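Okay, so here's the structure we're looking at.
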Amino acid sequence: MTTKDMKEKIQQIFKEKFGEPGTLYASAGRINLIGEHTDYNGGFVFPGAIDKVMMAEIRPNGLDKVRAYSVDLEDYAEFGLNEEDAPTQSWARYIFGVCREILKRGGQVKPFDTVFAGNVPLGAGLSSSAALESCFAFALNDLFNGNSIDKFELAKIGQSTEHNYCGVNCGIMDQFASVFGKKGHLMRLDCRSLEHEYYPFDPEGYKLVLVDSRVKHELADSPYNRRRESCERVAKRLGVETLRDATMEALNAAKSDISAEDYFRAKFVLEEKDRVLAVCDALVAGDYETVGQKMYETHRGLSKDYEVSCEELDFLNDVAKDLGVTGSRIMGGGFGGCTINLVKDELHDKFVEEVKARFNEKYGHEPNIYDVVISDGARRYEE
Ligand code: GAF
């Protein structure tokens, strides 16, 4: 659905259910050019917000409960704002979690009515959940707190919602990208200090293409949390706070004390940390061949050492390589979802056609293809 159609649908349903109009807010899904599973290790990532959003219309209702309607799921929930009022529907827990995390920080939230929807594909690794959290964190800050909560804290409110209400022990990348996203720019984010630098991204002669395997990835209760535990065990063994401060020499010296599995997890993270920095230099130099080569290296590491790929994603990566695509890799947490591909303009149409046909032949359905437009993050939606 286009964002404009979605907005109209939300407004129509809000009017039917709750009467007087509220205020519209939106926040974006994200891509990540490179730097996967580095965020919770204190490393670097290179994300940007995209033109697919979660959008909500919201109005304080003067009642003692929040009334929320999900357009996409056609489901309604009501809940109070105390800890014991947690709703049962998992989608409503994202909204409840954001309210609770604001209240825990001494902020204000009063009951409200809301209708929301999204065109960020669910389970595709584009962070629809972070977009939802960031949309509500931004909105409730605007409506009830005079925007006194800074944007760093808004991103942390989304992240804590995942940890405390949704069972995903994620890093900060997705929420940060969704809150801080800037049109036409990727950002290099240091996940330890949260220092970030915007990089204009409009690679002349290339396109970014997402190929969605349609294998649904679900991070809650998934091996995602176990990957993080592996990293934390190794960091502890090496006597550092996070793997950001570890070196390959130290890891190799401790190899005999670490399980083979944990060793390969940590090895991937240390290599990925260096790859992000190499990609930043390559981007500044306009050297997209190096960017692409690093993307392939990331895919190999995520598949063989970090083991967060699946057959379909490896197949997509092989097809990209075979067709001469400059760079291709799994994007996001893994276990399904999309590959991100850096494709020369002249190869774009052939790539899309071939990847659809070959995937269809093998798996009996075509992958979804999304062209990427780097856009703004959380905002009042006034377009
Ligand atoms: C998911 C998580 F939510 C992020 O924090 C990050 O770890 C990512 O997987 C992998 O880079 O999107």
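Give all pairs with beta carbons closer than 7 Å in which a residue from region 323-335 that is acidic (Asp, Glu) meets a residue that is within 16 Å of the ligand (Cβ to nearest atom); count only pairs at least 6 apart in sequence or on separate chains.
Every condition considered, no pair remains.
Could you tell me whether any residue of region 111-134 is in the same structural domain as residue 13 (by TED's automatic domain parsing) and free of Cβ contacts under 8 Å to residues at least 24 places away in the same chain?
no
crowded, with 23+ Cβ neighbours inside 10 Å and either in a helix (DSSP H, G or I) or of a type in the set (D, E, K, R) (or both): is that true of residue 96 in this structure?
The answer is yes for residue 96.
Does residue 27 count as within 16 Å of the ligand (Cβ to nearest atom), surrounded by fewer than 19 Cβ atoms within 10 Å (Cβ to Cβ) and either touching a residue at least 40 places away in the same chain (Cβ under 8 Å) or among the β-branched types (Val, Ile, Thr) (or both)?
No; evaluated as a whole, the condition is false for this residue.
Looking only at region 205-228, which residues are in contact with an Asp or Glu (Cβ under 9 Å, 6 or more places away or on another chain), more than 27 Å from residue 151 (Cβ to Cβ) and not aromatic (Phe, Trp, Tyr)?
205, 207, 209, 213, 214, 215, 223, 227
Considering 343, 325, 352, which residue is part of a loop (DSSP other than H, G, I, E, B), of a type in the set (A, V, I, L, M) and modelled with pLDDT of 95 or more?
None of the other options fit; the residue is 325.
Please work out which residue is farthest from the ligand (Cβ to nearest atom), limiting yourself to region 8-24 and to residues that are free of Cβ contacts under 8 Å to residues at least 60 places away in the same chain, on the phi < 0 side of the Ramachandran plot and not polar (S, T, N, Q).
Only one residue fits best here, namely 20.
Check residue 106 against each of (1) touching a residue at least 60 places away in the same chain (Cβ under 8 Å); (2) on the phi > 0 side of the Ramachandran plot and name the one condition it does not meet.
Only one criterion is unmet by residue 106, namely (1).
Within region 6-24, can you find the residues that are buried (at least 17 other Cβ atoms within 10 Å of the Cβ) and over 14 Å from residue 72 (Cα atoms)?
Result: 18, 22, 24.
Return the residues of region 292-322 that are in contact with a Leu (Cβ under 6 Å, 6 or more places away or on another chain) and either assigned to a helix (DSSP H, G or I) or not assigned by TED's automatic domain parsing to the domain that holds residue 234 (or both); say none if nothing qualifies.
Passing the criteria: only 292.
Is at least one residue of region 288-296 over 22 Å from the mean Cα position of the chain (by Cα) and under 17 Å from residue 186 (Cα atoms)?
Yes, there is a match, as at least one residue in region 288-296 is over 22 Å from the mean Cα position of the chain (by Cα) and under 17 Å from residue 186 (Cα atoms).
Looking only at region 197-205, decide whether some residue is within 14 Å of the ligand (Cβ to nearest atom), without any contact (Cβ under 8 Å) to a residue 12 or more places away in the chain and either outside the structural domain of residue 348 (by TED's automatic domain parsing) or not hydroxyl-bearing (Ser, Thr, Tyr) (or both).
no
Can you tell me how many residues within region 30-56 are in contact with a strand residue (DSSP E or B) (Cβ under 8 Å, 6 or more places away or on another chain), within 8 Å of the ligand (Cβ to nearest atom) and not acidic (Asp, Glu)?
The qualifying residues number 4.
Being in contact with a Ser or Thr (Cβ under 8 Å, 6 or more places away or on another chain) and β-branched (Val, Ile, Thr) is the filter here, so list the residues in region 87-114 that pass it.
95, 98
The values are calculated or read from the model by the stated rules, or taken from the named source; none is laboratory data. In this text, all values refer to a predicted model and were calculated from it rather than measured experimentally. For neighbour counting, all protein chains shown are included, and Cβ atoms are generated from backbone atoms with ideal geometry for every residue, glycine included.
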